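Data block below; observations after.
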């Protein structure tokens with residue numbers, strides 16, 4: 001029992017570190033969008049570099065945790081669920097990195113009248129990631145609290161959907177070139193998808209939670 005307890009504590013500490021990286025990446029994502037819309041492009045690129053570094057750290061830590069689980073976990077029946085949670089959550093970080101990187105590649109011009117909606121949409125997606133982080137933490141610490149955070153993820157995913165639609169309607173109402181409208185629509189969709197990825201992880205997390213409660 002002492003060996004099992006020690007193993008569990010080691011895994012929990014590593015998963016906490018992994019989730020800290022996810023939380024940091026979400027905050028950096030929000031700050032990066034604020035910098036971009038304020039045309040602080042040098043600072044924006046610095047944020048992207050930090051998000052890249054967080055993605056690499058998360059990948060390395062996930063692989064380390066997976067190896068540890070295979071080598072040391074004495075009760076393997078829950079191992080598959082834990083591995084799936086880590087892999088699915090890691091994809092959220094990857095998608096945030098890919099999304100913000102496209103802003104750096106294409107450098108879309110965003111009319112000032114769209115700034116507020118772009119920020120609101122980004123905030124809703126980031127809030128979904130924040131609550132996903134708390135849901136996963138609760139899965140390992142306080143199972144009864146998981147559904148509360150999952151509910152919040154679903155709320156912010158719906159909020160992002162509504163803001164995304166509102167933003168796209170406003171984009172196509174502008175007197176600008178169709179090519180620019182299409183580009184801005186593409187970026188609004190990718191901002192919105194961050195919340196979709198968080199919801200997808202929570203869909204699976206809800207099932208894993210039910211399994212643990214049986």
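We did not get these values from a lab; they are worked out from the coordinates using the rules stated. All of these numbers come straight from a predicted model, not from anything done at the bench. With ideal geometry, Cβ positions are generated from the backbone for all residues, glycine too; neighbour counts draw on all protein chains shown.
Projecting label points 7 angstrom from Cα along Cα→Cβ for residue 144 and residue 9 puts them 2.5 nm apart.
Going by a ≥ b ≥ c, the root eigenvalues of the Cα gyration tensor, does segment 1-143 fall in the rounded group (a/c under 1.5), the prolate group (a/b larger than b/c) or the oblate group?
Working: a/c = 3.28, a/b = 2.46, b/c = 1.33.
Here segment 1-143 falls in the prolate category.
Relative to the longest principal axis of the Cα atoms of the chain, the long axis of helix 146-173 makes an angle of roughly 20 degrees. Per-peptide packing, taken as the mean over residues of other Cβ atoms within 10 Å, places 170-180, 28-38, 122-132 in the sequence 122-132, 28-38, 170-180 from highest down.
Dividing the helix sum by the residues of the chain, where each DSSP H run of 4 or more adds -39500 (n - 2.57), gives a mean residue ellipticity at 222 nm of -31500 deg cm²/dmol. How would you classify segment 25-67 from its alpha-carbon gyration tensor, with a ≥ b ≥ c the square roots of the eigenvalues: rounded for a/c under 1.5, else prolate if a/b is greater than b/c, otherwise oblate? Judged from the Cα gyration tensor, segment 25-67 comes out prolate (a/c at least 1.5, a/b above b/c).
According to the square roots a ≥ b ≥ c of the eigenvalues of the Cα gyration tensor, what is the shape class of segment 131-214, taking rounded for a/c under 1.5, prolate for a/b larger than b/c otherwise, and oblate for the remainder? Prolate is the answer for segment 131-214, as a/c is 1.5 or above and a/b outweighs b/c. Of the residues 159, 53, 113, the one that moves most in a GNM of the chain with alpha-carbon contacts below 10 Å is 113. Judged by the mean number of other Cβ atoms found within 10 Å, the most tightly packed of the peptides 204-212, 102-110 leads the ranking 204-212, 102-110. When the Gaussian network model of the chain links Cα atoms closer than 10 Å, the mean-square fluctuations of 146, 63, 201 top out at 63. Among 90, 112, 20, which one moves the most in a GNM of the chain with springs linking Cα atoms closer than 10 Å? Looking only at 90, 112, 20, the biggest GNM fluctuation is shown by 112.
Mind checking the full-extension length gain between residue 94 and residue 20? Use 0.36 nm per residue of separation minus the Cα-Cα distance, one decimal, nm. Mind dumping the intermediate values first?
Details: separation 74, 0.36 × 74 = 26.64 nm, distance 1.49 nm.
Value of the extension gain: 25.1 nm.
Compared with the dominant Cα axis of the chain, that is its longest principal axis, helix 2-37 is turned about 0°.
Rounding to the nearest 10 and keeping the result within 0 to 90°, find how far the Cα-based axis of helix 79-106 lies from the longest principal axis of the chain. Its long axis makes an angle of about 20 degrees.
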